[in-house]
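First the structure, in the form of structure tokens, and then the observations on it.
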Amino acid sequence: MKTVGIVGGIGPESTLDYYARLNTAFKRRDPFGNYPQIIINSMNLKRVLDHIHEGRFDMLATEMAYAVGKLADAGADFAVLSSNTAHIVYDQVRDQSPLPMISILDATCRRANQLGLKRLGLFGTRFTMQGEFYQVAAARHALELALPDPDAQHFIHDKYLNELVNGILLDETRAGLKKIVARMKSTETIEGIILGGTELPLIIKEPMIAGIPVLDTSGIHVEAIVNRLFGE
């Protein structure tokens, strides 16, 4: 059986969610009652965010590649970064990695293609929404991305780092996020919304909002991981 290595801790709440989802999804597929083999290397979220805030992307990539190397030393067969924002340096990490890796961005874009979606809204941290890395991945898959307006971006980023990362899930935040989706459907003609932050599925669990599909990047990534574990 293959072993997945997870660079986690970015953030801790979503790392716990990954672990639980992987076990559930694997058991659903395995008729013999087996559990997946998982190794987690949990990074320091504050240090990661400090690197991003200060634009120290080369240092961040080096540290993440080192984290993947520890997973390789522990016996992992392939690796993932359990964070959308961390994919800001995914290409550099992949190039330095001793293990094959599965990108949450490409997995999500492939799911959008499967659903026949062309124009999608993107939620996430400010670094994810304003960064180029999601746009580049989307373009590879012939997708267009629309961003929330500046006030909505501020709301999402603030709630993400001050609530969701800390495991605080408030009804008023959930309602605010849904209102932004509905508004973007009207003003940006989006056909779906990407929850481009692995804490977002902790507060938004519905498969549809305002009549358009929700792309749960954590769930999509977990499915891709399980497929690899089963050799697909």
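The values are calculated or read from the model by the stated rules, or taken from the named source; none is laboratory data. This structure is a prediction, so every number in the text was calculated from the model and none was measured. Virtual Cβ from ideal backbone geometry, glycine too; neighbours counted across all protein chains shown.
Summary table below
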{"read-out": "Subset tally (residues that are small (Gly, Ala, Ser) and surrounded by 17 or more Cβ atoms within 10 Å (Cβ to Cβ)) for region 147-170", "value": "1"}
{"read-out": "Wholly within region 144-232, helices (runs of 4 or more DSSP H) carrying at least 1 residues that are out of contact with any strand residue (DSSP E or B) (no Cβ under 7 Å at 6 or more places or on another chain), more than 24 Å from residue 15 (Cβ to Cβ) and in contact (Cβ under 8 Å) with a residue 40 or more places away in the chain", "value": "171-187"}
{"read-out": "Extreme residue, nearest to residue 228 (Cα to Cα), among residues of region 59-106 that are in a loop (DSSP other than H, G, I, E, B) and of a type in the set (A, V, I, L, M)", "value": "102"}
{"read-out": "Neighbours by Cβ (under 6 Å, 6+ apart or cross-chain): first from region 117-133, part of a loop (DSSP other than H, G, I, E, B); second among the aromatic types (Phe, Trp, Tyr) and crowded, with 18+ Cβ neighbours inside 10 Å", "value": "125/160"}
{"read-out": "Filter pass, residue 128 being among the hydroxyl-bearing types (Ser, Thr, Tyr), in contact with a helix residue (DSSP H, G or I) (Cβ under 9 Å, 6 or more places away or on another chain) and either crowded, with 21+ Cβ neighbours inside 10 Å or at pLDDT 95 or above (or both)", "value": "yes"}
{"read-out": "Scan of region 150-176 for residues that are within 15 Å of residue 126 (Cβ to Cβ) and either among the aliphatic types (A, V, I, L, M) or at pLDDT below 95 (or both), ordered by number", "value": "152, 156, 161, 164, 165"}
